[in-house]
Amino acid sequence: MSIGFTTKFEKVCAILDKYERNPHRLIAILQEIQEEYAYLPEDIMTYTANALGVTPGSVFGAATFYSHFTLEPKGKYVIKVCDGTACHVKKSADIIKTLETGLGLSAKKKTSDDMLFTLETVACLGACGLAPVVVVNENVHSSMTKDKTLGLLKKIREEEAADA
């Protein structure tokens, strides 16, 4: 076994062992793997399937069925913009367009080249009274406008530059 293999799969093995390699605990296993890697890499899911004695299709099926899981790497800052009825009426589409333009993203390209930002549009964040709402990681920003959105991006970028 090569060192690269050992290093890459060491944490997955620890997670699998924690759940006694029980295929009935697949969702919990995938949740922990995603916490570790910030997404579910294909080779890790295949390895997990083999370790659990299930087909890779079973693991991929679970990973693609639940919206909580992601198969693509995400940026350091995951920006969720609500486009539910209340937010949409208050122009969340303008906020989405502002973020796409400001981050060089599109409907097909969700993560910035520098892996700093991922933009997601969600149907509802359950904060209709605060519409339109933008959530950056776990921080809720209410009554957003294009200008407030640009200011938020500027603040994040300044904090990143200061930490560099």
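Data overview
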item: Test result for Asp113, over 25 Å from Leu125 (Cα atoms), of a type outside the set (A, V, I, L, M, F, W, C) and assigned to a loop (DSSP other than H, G, I, E, B); result: yes
item: Checking Ser92 against (1) loosely packed, with under 14 Cβ neighbours inside 10 Å; (2) touching a strand residue (DSSP E or B) at 6+ places or on another chain (Cβ under 9 Å), the condition it does not meet; result: (1)
item: Residues of the stretch 50-106 satisfying the condition of being more than 30 Å from Glu160 (Cα to Cα), part of a loop (DSSP other than H, G, I, E, B) and out of contact with any Pro (no Cβ under 7 Å at 6 or more places or on another chain); result: Thr55, Tyr66, Gly84
item: Any hit, the stretch 26-40, residues being modelled with pLDDT under 95, assigned to a loop (DSSP other than H, G, I, E, B), touching a Pro at 6+ places or on another chain (Cβ under 8 Å) and of a type in the set (Ser, Thr, Tyr); result: yes
item: Lone qualifier among Ala127, Ala131 - being of a type in the set (Gly, Ala, Ser), surrounded by 13 or more Cβ atoms within 10 Å (Cβ to Cβ) and modelled with pLDDT under 95; result: Ala127
item: Subset tally (residues that are surrounded by fewer than 17 Cβ atoms within 10 Å (Cβ to Cβ) and either touching a helix residue (DSSP H, G or I) at 6+ places or on another chain (Cβ under 9 Å) or of a type in the set (Ser, Thr, Tyr) (or both)) for the stretch 96-113; result: 5
item: Total residues in the stretch 56-70, condition within 16 Å of the chain's Cα centre (by Cα) and without any contact (Cβ under 8 Å) to a residue 24 or more places away in the chain; result: 3
item: Residues of the stretch 131-146 that turn out to be more than 18 Å from Thr111 (Cβ to Cβ) and either assigned to a strand (DSSP E or B) or under 21 Å from the mean Cα position of the chain (by Cα) (or both), as a count; result: 7
item: Flag if Glu10 is of a type in the set (Asp, Glu), in a helix (DSSP H, G or I), out of contact with any Ser or Thr (no Cβ under 8 Å at 6 or more places or on another chain) and exposed (fewer than 13 other Cβ atoms within 10 Å of the Cβ); result: yes
item: Selection count where residues are within 13 Å of the chain's Cα centre (by Cα) and either among the hydrophobic types (A, V, I, L, M, F, W, C) or not assigned by TED's automatic domain parsing to the domain that holds Lys154 (or both), scope the stretch 94-122; result: 5
item: Any chance Gly75 is at pLDDT below 95, in contact with a strand residue (DSSP E or B) (Cβ under 7 Å, 6 or more places away or on another chain) and at negative phi; result: yes
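The values are calculated or read from the model by the stated rules, or taken from the named source; none is laboratory data. Since we're looking at a predicted model, the values are computed, not measured. Every residue, glycine as well, gets a Cβ built from its backbone with ideal geometry; the counts of neighbours run over all protein chains shown.
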